[in-house]
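Remarks on the structure that follows.
Rule-based calculations on the coordinates, nothing more; no lab input. All values derive from a computational prediction rather than experimental measurement. Neighbour counts run over all protein chains shown; Cβ positions are idealised from the backbone, glycine included.
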Amino acid sequence: GAVVSQHPSRVICKSGTSVKIECRSLDFQATTMFWYRQFPKQSLMLMATSNEGSKATYEQGVEKDKFLINHASLTLSTLTVTSAHPEDSSFYICSARSPPGVGYTFGSGTRLTVV
Amino acid sequence: AQSVTQLGSHVSVSEGALVLLRCNYSSSVPPYLFWYVQYPNQGLQLLLKYTSAATLVKGINGFEAEFKKSETSFHLTKPSAHMSDAAEYFCAVSDGSGGGADGLTFGKGTHLIIQP
């Protein structure tokens, strides 16, 4: 079945530094990937939609200069949290539109802790 | 605009008992509906989805859900709960079966607790 690999699974960084999260579709091409954020014991909130070869579309209230998304190939999308602050600490999950009949496939998530 | 309401942030059932997790949706177009399960610090696993075919959808791990347009509901059920079913469950809606331009809109989730 369709698999999305997300790395790293956990990362701790110092306030003010940047962190990159990768999301790869392993056995299919993902023209569109979605990035979600999940606070503890809360639901997933869509942050942005990334399309291969074009600019990402950000949801209202999401700072595009802080959350940089790159979708340079059909199998890789990256989310970079720039100048991270403690309030950016969260669980970030990517998702790809997978082949017909499957729908959406999710990565395993990245737990970001900014100290 | 789409929205999902999951009634009950926490549901507790005894092992072997019926599991019923409620989901109501709002959508301006014929919806595609999904149920996902999430274990701690993990991503989401698809349990089942409704894509305008049969209204009764069977998924993995013995779960099923019935789409009721008149009630705008898509409740998730399992006849007999197992300890391994303890997890967070999310109902979600999209405007396409993964083929739309938009991501999923999730409900707030229901934490399922299984009592031994």
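Points worth noting:
- B:VAL19, A:VAL3 arranged by Cβ crowding within 10 Å, fewest neighbours leading: A:VAL3, B:VAL19
- Here chain B carries DSSP beta bridges of which approximately 85% are antiparallel, counting only pairs with both residues inside.
- Size-normalised alpha-carbon gyration radius of the range A:65-115, reference 2.2 N^0.38 Å: 1.34
- Short to long, the 10 Å bins of the Cα pair-distance histogram for the protein assembly as shown hold 8, 33, 35, 19, 5, 0 percent of all pairs.
- Rough spin-label spacing in nm, given labels placed 7 Å along Cα→Cβ, for B:SER26 and A:GLU63: 3.1 nm
- Applying D = kT/(6 pi eta Rh) to chain A, where Rh is the Kirkwood radius over alpha-carbon pairs, T corresponds to 10 °C and eta to 1.306 mPa s, the Stokes-Einstein value obtained is 113 µm²/s.
- Residue list for the range B:62-96, given a label point 7 angstrom along the Cα-to-Cβ vector of B:ALA54 and an amide N cut-off under 19 Å: B:62-69, B:74-80
- Footprinting exposure proxy ranking of B:ILE60, A:ILE93, fewest other C-beta atoms within 10 angstrom first, gives B:ILE60, A:ILE93.
- When only Cα pairs below 8 angstrom with a gap of at least 6 residues are kept, chain A shows a relative contact order of 37 percent.
- Debye intensity ratio I(q)/I(0), log10, chain B, q values 0.14, 0.16, 0.19, 0.22 Å⁻¹ (C-alpha model): -0.52, -0.68, -0.95, -1.26
- Here the relative contact order of chain B, from alpha carbon pairs under 8 Å that lie six or more residues apart, stands at 37 percent.
- Reachable aspartates and glutamates, given that their alpha-carbon falls under 18 Å from the alpha-carbon of A:LYS66 and they are not under 8 places away in the same chain: A:GLU22, A:GLU87, A:ASP88
- Under the combined filter of DSSP loop state and at most 14 neighbouring Cβ atoms within 10 Å, the range A:14-62 retains these trypsin sites (Lys or Arg not before Pro): A:LYS14, A:LYS41, A:LYS55.
- A straight Cα-to-Cα reach below 16 Å connects B:LYS58 with the lysines B:LYS49, B:LYS68, B:LYS78, residues fewer than 8 places away in its own chain not being considered.
- Label-to-label distance, nm, for residues given as A:ARG10 and A:THR80 (7 Å Cα→Cβ offset): 2.6 nm
- Under 17 Å from the B:LEU18 label point (7 Å along Cα→beta-carbon), backbone N, the range B:65-85: B:65-68, B:74-82
- Per-residue Cβ neighbour rank within 10 angstrom, fewest leading, B:SER26, A:SER25, A:SER98: B:SER26, A:SER98, A:SER25
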